[in-house]
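Read through the structure below, which is laid out as structure tokens, and then see the notes.
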Amino acid sequence: MIPYGRQYIDASDIEAVVRVLESDFLTQGPKVPLFETSIAQVCSAKYAVAVNSATSALHIACRALGVGKNDIVWTSPISFVASANCALYCGATIDFIDVDKHTGLISTELFEKKLIEAYASNKLPKVVIPVHLAGHSCDMVSIHRLCKKYDIKIIEDASHAVGASYKDTPVGSCTYSDITVFSFHPVKIITAAEGGMALTNCIELANSMQQFRSHGITRNEYEMDCESHGPWYYQQVELGFNYRMTDLQAALGLSQLNKLKQFVDARTKLVSIYNEKLADIGIDLPLLPLNCQSSWHLYIIRLKDEHNRLDTFKKLRDNGIGVNVHYIPIHTQPYYQKIGFEWGMFPNAEDFYSRIISLPIFPTLTQDNIDTVIRAVKTSLTFKA
Ligand SMILES: *Cc1c(COP(=O)(O)O)cnc(C)c1O
């Protein structure tokens, strides 16, 4: 089976991890801060806080922005469940902004409309979490403008988008947001086995996220409510978590970061092959929004009304192509239905979901592999009866 995504690990990655194993620190050593400053530099952000997953990064980002029980958070229904769960972890209320039918990214028009209604009924969100699906940046200029107008904070879920850019600025620079989150799960652009990062240009948010990552503990005297008892002293000032990244993971992440451009270039090359070879078979190919250079985490094709998605998908799997679907709309998940969401609430997301198939895309996909995938797509495409 050719999977839809997989990691690329070379000898330098292995050596980097082994060197940590032989060192004094398996965790809380020098590699984590080095990974943080390196990512921050690559993304032109001031601060980066490494954690054990993007899920944790989203959680501490929400906490640092003060999301709590009486707050509302909005995100995209076309995302992994973690984009919404982070609000629920904080006891907040979650809601969704419907997507653009063609891109699967949150629709700026529908966002503005929802804001006007929310303003009228005094139900504005505290935080909005745009999701850069497939590595394509959302329309951050418009989202930022609208959020400024209504005094809303922004967390970019850029789990797919490390290595992408928007208006010639790296995603992660937080030019249009308060915090940006990356994932280093093995299917993502670079991996740390598991891992995540929260970037920001605000020192207070960075400090707060550092606290939440490690039990709500501080060793900075200026954050304590009394004088330090001595060099051993720390204070727990918040109820935090153990979301720390290990030095093993950070060493792998650092080594992978060296290959970021190579990975994104390889993915981009595969996209141009798909785009060319699938151009005239009557399906919709990924639509790249204006002003953005994608990291191409996913290559999502959309079938037309006359196609049978389920049958096509099954045929592709039978042909050894590990296709997938990104994503099942979050509001249709049983847990979300239990808290009040229903099918029909976000029709564009549901329409997008009914058509999509993610084709394999990862740096080591060979010419032979991609030819196999393209042939399989052509022979598997079936029509409704
Ligand atoms: C993968 C992913 C996450 C969660 O990432 P983890 O590092 O596995 O916690 C969150 N949001 C999106 C959009 C993702 O694709």
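Listed by first and then second residue, the pairs linking a residue in region 1-25 that is without any contact (Cβ under 8 Å) to a residue 12 or more places away in the chain to a residue that is assigned to a helix (DSSP H, G or I) and surrounded by fewer than 19 Cβ atoms within 10 Å (Cβ to Cβ), with Cβ atoms under 9 Å apart and 6 or more places separating them unless they lie on different chains, form an empty list.
Return yes or no: is PHE111 under 30 Å from ILE328 (Cβ atoms) and not in a strand (DSSP E or B)? Criteria met by PHE111.
Conditions (1) in a loop (DSSP other than H, G, I, E, B); (2) surrounded by 19 or more Cβ atoms within 10 Å (Cβ to Cβ); (3) within 16 Å of the ligand (Cβ to nearest atom); (4) of a type in the set (S, T, N, Q), marked per residue:
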site: LEU239; (1), (2), (3), (4): yes, no, no, no
site: GLN249; (1), (2), (3), (4): no, yes, yes, yes
site: LEU252; (1), (2), (3), (4): no, yes, yes, no
site: GLN262; (1), (2), (3), (4): no, no, no, yes
site: SER295; (1), (2), (3), (4): yes, yes, yes, yes
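When we screen ILE116, ILE106, ILE60, ILE72 for residues that are open to solvent by less than 10 Å² (accessible area, probe 1.4 Å) and β-branched (Val, Ile, Thr), the only hit is ILE60.
The C-beta contact set for region 94-113 (first residue of a type in the set (Asp, Glu), second residue outside any loop (DSSP other than H, G, I, E, B) and open to solvent by 40 Å² or more (accessible area, probe 1.4 Å), distance under 9 angstrom, 6+ apart or interchain) comprises ASP95/LYS114; ASP98/LEU110; ASP98/LYS114; ASP98/PRO347; ASP100/GLU109; ASP100/LEU110. Scanning region 23-57 for residues that are of a type in the set (Gly, Ala, Ser) and open to solvent by less than 60 Å² (accessible area, probe 1.4 Å) returns SER23, GLY29, SER38, ALA40, ALA45, ALA48, ALA50, SER53, ALA54, SER56, ALA57.
Testing MET1 on (1) closer than 30 Å to LEU316 by Cα; (2) at pLDDT 95 or above, one condition comes back false. Which one is that? Against the list (1) closer than 30 Å to LEU316 by Cα; (2) at pLDDT 95 or above, MET1 comes up short only on (2). Residue-level check: of (1) closer than 30 Å to TYR89 by Cβ; (2) open to solvent by less than 50 Å² (accessible area, probe 1.4 Å); (3) part of a loop (DSSP other than H, G, I, E, B), ILE281 misses just (1). Annotation for region 321-344: no member residue is open to solvent by less than 20 Å² (accessible area, probe 1.4 Å), among the aliphatic types (A, V, I, L, M) and more than 29 Å from VAL131 (Cα to Cα). Would you check if HIS144 is touching a strand residue (DSSP E or B) at 6+ places or on another chain (Cβ under 7 Å) and of a type outside the set (Lys, Arg)? Spelling it out, HIS144 is indeed touching a strand residue (DSSP E or B) at 6+ places or on another chain (Cβ under 7 Å) and of a type outside the set (Lys, Arg).
Checked across region 256-266, the condition of being of a type in the set (D, E, K, R) and touching a Ser or Thr at 6+ places or on another chain (Cβ under 7 Å) holds for no residue. Is there a residue being closer than 21 Å to LEU290 by Cβ, assigned to a loop (DSSP other than H, G, I, E, B) and within 12 Å of the chain's Cα centre (by Cα) anywhere in region 114-131? Yes: one or more hits.
Here PHE80 meets each of (1) surrounded by fewer than 23 Cβ atoms within 10 Å (Cβ to Cβ); (2) within 16 Å of the ligand (Cβ to nearest atom); (3) of a type outside the set (S, T, N, Q); (4) over 26 Å from GLN249 (Cβ atoms) with one exception, condition (4). Taken over region 102-134, the criterion of being in contact with a strand residue (DSSP E or B) (Cβ under 9 Å, 6 or more places away or on another chain), of a type outside the set (A, V, I, L, M) and more than 15 Å from the ligand (Cβ to nearest atom) is satisfied by HIS102, SER107, PHE111, LYS114, LYS123, PRO125, LYS126.
The residues of region 80-96 that are in contact with a strand residue (DSSP E or B) (Cβ under 9 Å, 6 or more places away or on another chain) and over 21 Å from LEU124 (Cβ atoms), listed by number, are PHE80, ALA82, ASN85. Inside region 37-62, residues that are away from the ligand (no atom under 16 Å from the Cβ) and assigned to a helix (DSSP H, G or I) make up a count of 6.
For region 264-273, the condition of being more than 18 Å from TYR353 (Cα to Cα), of a type in the set (Ser, Thr, Tyr), out of contact with any helix residue (DSSP H, G or I) (no Cβ under 6 Å at 6 or more places or on another chain) and in a strand (DSSP E or B) holds for none of the residues.
The values are calculated or read from the model by the stated rules, or taken from the named source; none is laboratory data. Computed from a predicted model, the values in this text were never measured in an experiment. We place every Cβ from the backbone using ideal geometry, glycine too, and count neighbours over all the protein chains shown. The area values use the complete protein model at the heavy-atom level, side chains included, leaving out ligands, DNA and RNA. Shrake-Rupley method; radii C 1.70, N 1.55, O 1.52, S 1.80 Å.
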